[in-house]
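The values are calculated or read from the model by the stated rules, or taken from the named source; none is laboratory data. Model, not experiment: these values are computed from the prediction. Using ideal geometry, Cβ is built from the backbone for each residue, glycine included, and neighbour counts are taken over all protein chains shown.
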Amino acid sequence: MTAIRSAIIACTAAVLLGACAGSPGFRYEIPAAGMAAPEAASGYAEKSGAVAAKFMVAAANPLATEAGYQVLKAGGSAVDAAIATQMVLNLVEPQSSGIGGGAFLMHFDGSSVQAFDGRETAPARATEKLFLDAHGKALPFYEGVVGGRSVGAPGVLRMLELAHRQYGKLPWAELFTPAIRLAEQGFSVSPRLNALLASEQHLKKDAVAAAYFYNPQGRSWPVGHMLKNPALAQVFREIAAGGAGSFYTGRIAQDIAAKVANHPLNPGLLTAADIAGYQARVRAPVCSDYKAWTVCGMPPPSSGGIAIAQMLGMLESRDIRPFAPQNGVLTADAVHLFSEVGRLAYADRGRYVADTDFVPLPGNSIKPLLDKQYLAQRAALIGDTSMGTAKPGTPPAMNLAWGQDTSPELSGTSHISIVDGSGNAISMTTTLEDAFGSRQMVDGFLLNNQLTDFSFDSTDANGPIANRVQGGKRPRSTMAPTLVFEKGSKKLLLTIGSPGGSAIINYVAKVLVGTMDWGLNVQQAISLPNFGSRNGPTELERGRVSDALVDELKAKGHNLRVMEQTSGLQGIMRVSIHGEEMWFGGADPRREGTDKGD
């Protein structure tokens, strides 16, 4: 039995063995106030995880988790539960995701994996000069973010509708009931939302957002304040009744386009026609074998699946298994090796990966970047001391020269993992990009700033930058929703993902190494200190590492940055408990996430 299947947890949570009896129609019950109370907004609070026999949902806020749970309890599919969960997240965690943004969804139907692409697109009129000033210089980042310039055509609703047509069990309209009722009757402001609003510098510049998120004195609503959003409830009612088309055409699309175009200082190019023309796509996942497992991730326009596959491919020849943490304490050898393979993967990511509908990968395929001989050659570059900054490699069949991407990616993102009663599973990462997106609110929801995920610069001495702005193009992402299978049986073993901007790759890879190589359960792996490199300094999570580890890494030549690393990992893992296969959910101690199942 593999380590990932047999990892047994010392779990205080009760094992829920009740039957998953469906009921005719979905009847949502608003949770009692105490049941929905989230954890602290910051810091680190240990979590024990949850166990279930039939189905489970893990999401970033207890109210969202509960909505998904009730859908599963009513016999809904994983996709059904994802829709209900996402709509509630839009309401209770508006800084991170929502219908004004985009998402990637990995789906397993019991036999095959599909990758659903709901990434935003650039307006048709956008050019590579979008984020350049009058002198051809890249704008300061927040001059690009705040306003209409950064807003792309939202994708999450088209994507969810596409997935629902294939895999939905409950009626589309019913799945909006939890969010509608919470929006109309009110929900409790969480500590995290309160803290983020208190520290936010730009949201008050939008009069609509200021009136909703702050009290008349300009202070963020206190923790526990009952916040209502009738405008969003009305939007949800229209989408529930008319499908995603009621969002992409008609008055909602017109409202979005007007908001973007009429920003007084930083208007954008997005039009109602751009919104109406948006299409979600189904893409082939990035699947690769790693030891006893098959790992499937998101393909371009995300770089997450390729980068993680590269890291694992390099670790096949540079085994990290002997360097397991002891009682949760990281070893210097593990951090060194993990950070070095990360440097090499991020170097290739920055040079080669973008929207493949516009920019070809080397050899017009993911295969050259994942070629085993190529990755072994890359891994051979790792020595006893840090390489500092890695250079991109030259994959087989490379026939184009690309410049170096300059896009920063921030962490206004959330993640949902779900397994339903039929064994179907999703891993869905969903985002606005920066916290509170473009800081533009319309009809009760925030608009994304996803276009700032493009490189502000369009070319350098090496050639055109793959991730430059182009009309209709999807900006490259680091989001890495991931599914793991037993290589021989193809049995689902793990669904995992995280927010965290460009650090997402390291966060998810940490959990994969923790479960597959070190035999940890998913909660233990999530709870490990975050660490790694994005081809810059070696980053260590502040407050979670020892002085001794810092000294050992410095002796290995690492330039260190000890910093906050607020991942939001949500995962569900198959485990064996007393010979019985169960689902075990893990939620990140750094955020308000929970897991629940039966």
Q) Which strands (runs of 3 or more DSSP E) sit wholly inside the stretch 245-333 and have at least 2 residues that are more than 30 Å from L447 (Cα to Cα)? A) 286-290, 293-297
Q) Just checking, which of L560, L549, L540, L553 is hydrophobic (A, V, I, L, M, F, W, C), in contact with a His (Cβ under 7 Å, 6 or more places away or on another chain) and either farther than 20 Å from A60 by Cβ or without any contact (Cβ under 8 Å) to a residue 40 or more places away in the chain (or both)? A) L553
(Q) Based on this model, can you work out whether G593 counts as closer than 22 Å to A425 by Cα, under 25 Å from the mean Cα position of the chain (by Cα) and modelled with pLDDT under 95? (A) yes
Q. Can you name the residue in the stretch 221-243 that is within 23 Å of L160 (Cβ to Cβ) and free of Cβ contacts under 8 Å to residues at least 60 places away in the same chain and is also surrounded by the most Cβ atoms within 10 Å (Cβ to Cβ) among such residues?
A. E238
Q. Hey, does the stretch 483-498 have a residue that's closer than 19 Å to G437 by Cα and either out of contact with any Gly (no Cβ under 7 Å at 6 or more places or on another chain) or at pLDDT 95 or above (or both)?
A. yes
(Q) When the residues of the stretch 282-330 are narrowed to those that are of a type in the set (S, T, N, Q) and in contact (Cβ under 8 Å) with a residue 60 or more places away in the chain, which ends up surrounded by the fewest Cβ atoms within 10 Å (Cβ to Cβ)? (A) S317
Q. Given the residues A82, A60, A67, which is the only one that is surrounded by 24 or more Cβ atoms within 10 Å (Cβ to Cβ), within 29 Å of S527 (Cα to Cα) and in contact with a Pro (Cβ under 6 Å, 6 or more places away or on another chain)?
A. A67
Q: Return the total of residues in the stretch 504-556 being surrounded by 20 or more Cβ atoms within 10 Å (Cβ to Cβ) and within 19 Å of M387 (Cβ to Cβ).
A: 12
Q. How do the strands (runs of 3 or more DSSP E) wholly within the stretch 56-158 filter down when requiring 1 or more residues that are more than 21 Å from P178 (Cβ to Cβ), of a type in the set (G, A, S) and in contact (Cβ under 8 Å) with a residue 60 or more places away in the chain: which remain?
A. 102-108, 113-118
Q) With respect to V208, is the statement that it is in contact with a strand residue (DSSP E or B) (Cβ under 9 Å, 6 or more places away or on another chain) and closer than 22 Å to P62 by Cα true? A) no
Q. What are the residues in the stretch 161-196 that are part of a loop (DSSP other than H, G, I, E, B) and touching a Phe, Trp or Tyr at 6+ places or on another chain (Cβ under 7 Å), if any?
A. L170, V189
Q) Are any residues in the stretch 507-530 over 14 Å from E541 (Cβ atoms) and either at pLDDT below 95 or hydroxyl-bearing (S, T, Y) (or both), and if so, which ones? A) T515
Q: Filter the stretch 178-211 for residues that are among the β-branched types (V, I, T) and within 19 Å of G100 (Cα to Cα) and give the result.
A: I180, V208
Q.
Quick check on the stretch 44-59. Is at least one of its residues at pLDDT below 95 and aromatic (F, W, Y)?
A. yes
**Q.** Qualifying residue in the stretch 459-468 (condition: over 15 Å from G152 (Cβ atoms), part of a strand (DSSP E or B), among the charged types (D, E, K, R) and modelled with pLDDT of 95 or more)
**A.** no
Q) Does S576 fit the bill of being touching a residue at least 60 places away in the same chain (Cβ under 8 Å) and assigned to a loop (DSSP other than H, G, I, E, B)? A) no
Q: Check G571 against each of (1) surrounded by fewer than 24 Cβ atoms within 10 Å (Cβ to Cβ); (2) under 15 Å from the mean Cα position of the chain (by Cα); (3) in a strand (DSSP E or B); (4) not hydrophobic (A, V, I, L, M, F, W, C) and name the one condition it does not meet.
A: (1)
Q | Filter pass, Q279 being surrounded by fewer than 14 Cβ atoms within 10 Å (Cβ to Cβ), among the polar types (S, T, N, Q), closer than 26 Å to T413 by Cβ and without any contact (Cβ under 8 Å) to a residue 40 or more places away in the chain | A | no
